[in-house]
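Below is one structure, written out as structure tokens; comments come after it.
The values are calculated or read from the model by the stated rules, or taken from the named source; none is laboratory data. Model, not experiment: these values are computed from the prediction. Here the Cβ positions follow ideal geometry from the backbone for every residue, glycine too, while neighbour counts run over all protein chains shown.
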Amino acid sequence: QSALTQPASVSGSPGQSITISCTGTSSDIGGYNYVSWYQQHPDKAPKLMIYDVSNRPSGVSNRFSGSKSGNTASLTISGLQAEDEADYYCSSYTSSSTLVFGGGTKLTVL
Amino acid sequence: QVQLVQSGAEVKKPGASVKVSCKTSGYSFIGYYMHWVRQAPGQGLEWMGRINPNSGGTDYAQTFQGRVTMTRDTSISTAYMELSRLRSDDTAVYYCARALLWEQCSGGICHPHSKNYFDPWGQGTLVTVSS
């Protein structure tokens, strides 16, 4: 199972909005509404930010939102803040009943 | 509160095995799958597999089939991941991560499934493989 494709890096200024894409296939993202997103700060464990494409866990800011179209999922962060600077990973369920992650995207807040 | 506390860092020689523990508290251990994910230095996340703590049933990623064994001890609410025949490219931080168990029932027979998102994660265990 190949990793999902994410841009290596994205950047934005405080207050702006950014979108991180995550592209898979019809055997993973396109076939199921089981995409999740994780935020990881340096030397920390990942934190769940979005699950099942567009659902936010309790305690996660509503500045974070998720969506999906075809084989591509997206994470949008609005009103960028310095604390949002981190690595972001997408994940999807697959037709093999396994999970697959994206390669990760480094978000820089300028 | 929910906690997943992993065992400490390990240094192993190539060909050896390592067993990482993940002690849980604050929730019903058998009500959630435990997944294992690893992250090589400077690299992304890689899913290794999952265990149903209630039945002990496991599913492993193809990459690790034959080398990984996931077990649990329900009496102490702890999950384990053992990786054998270690190589230098197994050097990574290994995470345990919790996922809700749900059942799909049909005709009076129920099959367990794991939700496909992880919350929370353990703090990670660094395993270094070096001669």
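Take the conditions (1) of a type outside the set (Val, Ile, Thr); (2) in contact (Cβ under 8 Å) with a residue 60 or more places away in the chain; (3) surrounded by fewer than 18 Cβ atoms within 10 Å (Cβ to Cβ); (4) in contact with a Gly (Cβ under 8 Å, 6 or more places away or on another chain); A:LEU4 misses just one of them, which is (3).
When A:SER95, A:SER91 are checked against the criterion of being more than 22 Å from B:GLY42 (Cβ to Cβ), within 14 Å of chain B (Cβ to nearest Cβ) and either modelled with pLDDT under 95 or not in a helix (DSSP H, G or I) (or both), a single residue qualifies: A:SER95.
Only one residue in B:SER84, B:SER17 is away from chain A (no Cβ under 14 Å) and more than 25 Å from A:SER96 (Cβ to Cβ), so which one is that? Spell out the reasoning first.
Numbers: B:SER84 fails: more than 25 Å from A:SER96 (Cβ to Cβ).
Criteria check complete, one pass: B:SER17.
Considering every residue within region B:56-76, establish whether at least one is away from chain A (no Cβ under 14 Å), in contact with a helix residue (DSSP H, G or I) (Cβ under 7 Å, 6 or more places away or on another chain) and not hydroxyl-bearing (Ser, Thr, Tyr). No - not one qualifying residue is present in region B:56-76. Pairs meeting the criteria (first residue in region B:8-28 and farther than 15 Å from B:GLU82 by Cα, second residue among the aromatic types (Phe, Trp, Tyr) and in a strand (DSSP E or B), beta carbons under 9 Å, at least 6 apart or on different chains) are B:THR24/B:TYR32.
Within region B:88-130, being under 21 Å from B:VAL68 (Cα atoms), more than 10 Å from chain A (Cβ to nearest Cβ) and at pLDDT below 95 holds for no residue. Please go through region A:12-39 and pick out each residue that is within 24 Å of B:PRO41 (Cα to Cα), in contact (Cβ under 8 Å) with a residue 60 or more places away in the chain and within 13 Å of chain B (Cβ to nearest Cβ). Of everything in region A:12-39, just one residue is within 24 Å of B:PRO41 (Cα to Cα), in contact (Cβ under 8 Å) with a residue 60 or more places away in the chain and within 13 Å of chain B (Cβ to nearest Cβ), namely A:CYS22.
Which is surrounded by fewer than 18 Cβ atoms within 10 Å (Cβ to Cβ) and either among the basic types (Lys, Arg) or outside any strand (DSSP E or B) (or both), of A:SER61, A:SER67? Reasoning before the result, please.
On the way: A:SER67 fails: either among the basic types (Lys, Arg) or outside any strand (DSSP E or B) (or both).
So the residue among A:SER61, A:SER67 that is surrounded by fewer than 18 Cβ atoms within 10 Å (Cβ to Cβ) and either among the basic types (Lys, Arg) or outside any strand (DSSP E or B) (or both) is A:SER61.
Regarding A:LYS47, is this residue charged (D, E, K, R) and at the interface with chain B (Cβ under 8 Å from one of its Cβ atoms)? Please lay out each step first, then the result.
Numbers: charged (D, E, K, R): yes; at the interface with chain B (Cβ under 8 Å from one of its Cβ atoms): yes.
Judged against the criteria, A:LYS47 is a match.
Yes or no: region A:62-73 includes at least one residue that is touching a Cys at 6+ places or on another chain (Cβ under 7 Å), more than 30 Å from B:ALA9 (Cβ to Cβ) and either among the aliphatic types (A, V, I, L, M) or within 10 Å of chain B (Cβ to nearest Cβ) (or both). Give the steps one after another, and end with the answer.
Step one: filter region A:62-73 for residues touching a Cys at 6+ places or on another chain (Cβ under 7 Å), giving A:72-73.
Now restrict to residues that are more than 30 Å from B:ALA9 (Cβ to Cβ): A:72-73.
Those left that are additionally either among the aliphatic types (A, V, I, L, M) or within 10 Å of chain B (Cβ to nearest Cβ) (or both): A:73.
Checking region A:62-73: at least one residue is touching a Cys at 6+ places or on another chain (Cβ under 7 Å), more than 30 Å from B:ALA9 (Cβ to Cβ) and either among the aliphatic types (A, V, I, L, M) or within 10 Å of chain B (Cβ to nearest Cβ) (or both).
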